[in-house]
Amino acid sequence: MSEPSLVDWVASYVAHQDRAISSVPTAAIAAAIELVRRAGREGKRIFVCGNGGSAANASHFVTDLGKNASEAAGRPFRVLSLADNVSWMTAIGNDYAYEDIFVRQLGNHAAAGDLLILASVSGNSPNLVNAAEYARREGLVTVALVGGKRGRLAELCDHVLVVDDHHYGRVEDAQMNILHMICYAVVELGG
């Protein structure tokens, strides 16, 4: 069996990527957009977290929402990536447990009615599950962006956007597409 050409491999990857993003119902994305818009209008805090590539997506989203969407809306979005404070995360991980790096930050910042967005391919990362459980107990609104395995986050969160794929790169890419749609809906349609 011969190896596929790079052109064929790229074409196949793009086709799978298109299926991955298309697997998320547009109504679910629109509902997530409205949750973010409402949180912004009401001055609620928006927290975003993930691990690895999902942490990078959380940082990217916070930058876009905090800068571009805030400017377009004419008011600031109170948005924070819980994956961006390395010294705090390592202190929590070292002194308590890695599973607590997000929940302990929420304990310092979050209030009932705030919005927590969690991004995970597996949906089972213990630090994200702990954050979702805390959010449920404390009255935060939760949105999970998960891959095809769904995991525990799909059971715990109020709103779940499932990218029906198991490939980490494709799921993370689709999740970033969704996060960009949230930001650019505010930029282009208003907050």
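Each reported figure results from applying straightforward, stated rules to the coordinates on display, with no laboratory input. What you see is a predicted model; the values in this text were computed from it and never measured. Note that we place each Cβ from the backbone using ideal geometry, even for glycine, and neighbour counts take in every protein chain shown.
Which order results if ARG38, ARG137 are arranged by neighbouring Cβ count within 10 Å, fewest first?
By the 10 Å Cβ count, ascending: ARG137, ARG38.
With runs of 4+ DSSP H residues as the only contributors, calculate the mean residue ellipticity of the chain at 222 nm using -39,500 (n - 2.57) per run, divided by the residue total and rounded to the nearest 500.
Details: 9 runs with 106 residues, N = 191.
After summing the helix terms and dividing by residue count, I get -17000 deg cm²/dmol.
For the range 50-191, go through all pairs of different Cα atoms, get the mean of 1/r, take its inverse, and jot down that Kirkwood value in Å.
Working: mean 1/r = 0.0655 Å⁻¹.
It is 15.3 Å.
Can you give the angle from 0 to 90° between the axis of helix 53-63 and the longest principal axis of the chain, with both taken from C-alpha atoms, to the nearest 10?
In the chain, helix 53-63 runs at an angle near 60 degrees to the longest axis.
Beta carbons within 10 angstrom, averaged per residue: use that to sort the peptides 168-176, 21-29, 6-14, 46-54, highest first.
46-54, 168-176, 21-29, 6-14
When only C-alpha pairs under 8 Å and at least 6 residues apart count, what is the relative contact order of the chain, in percent? Mind dumping the intermediate values first?
Working: 330 pairs, mean separation 49.9, N = 191.
So the answer I get is 26 percent.
Compute the Cα gyration tensor for the range 1-133, then decide on rounded, prolate or oblate, letting a ≥ b ≥ c be the square roots of its eigenvalues: rounded whenever a/c is under 1.5, prolate when a/b is larger than b/c in the other cases, and oblate in all that remain.
Oblate, since a/c reaches 1.5 and b/c is not below a/b.
Taking the Cα atoms only, what angle lies between the long axis of helix 26-41 and the longest principal axis of the chain, rounded to 10 degrees?
30 degrees
How much net charge surrounds ASP158 when only the other residues with a Cβ under 15 Å from the Cβ of ASP158 are counted, with Lys and Arg +1 and Asp and Glu -1? Walk me through the numbers before you get to the answer.
Details: positive: ARG38, LYS44, ARG136, ARG137, ARG150, ARG152; negative: GLU34, ASP114, GLU133, GLU138, GLU155.
That sum, taken over residues with Cβ under 15 Å, equals +1.
For ALA56 and ARG38 in the same chain, what is the full-extension length gain: residue separation times 0.36 nm, less their Cα-Cα distance, in nm?
4.0 nm
Kindly express, to the nearest 10 degrees and within the range 0 to 90, the angle between helix 126-138's C-alpha long axis and the longest C-alpha principal axis of the chain.
40 degrees
Using only Cα atoms, locate the centre of the range 1-69 and the centre of the range 119-137, then give the distance between them in Å, rounded to an integer.
Answer, in whole Å: 18.
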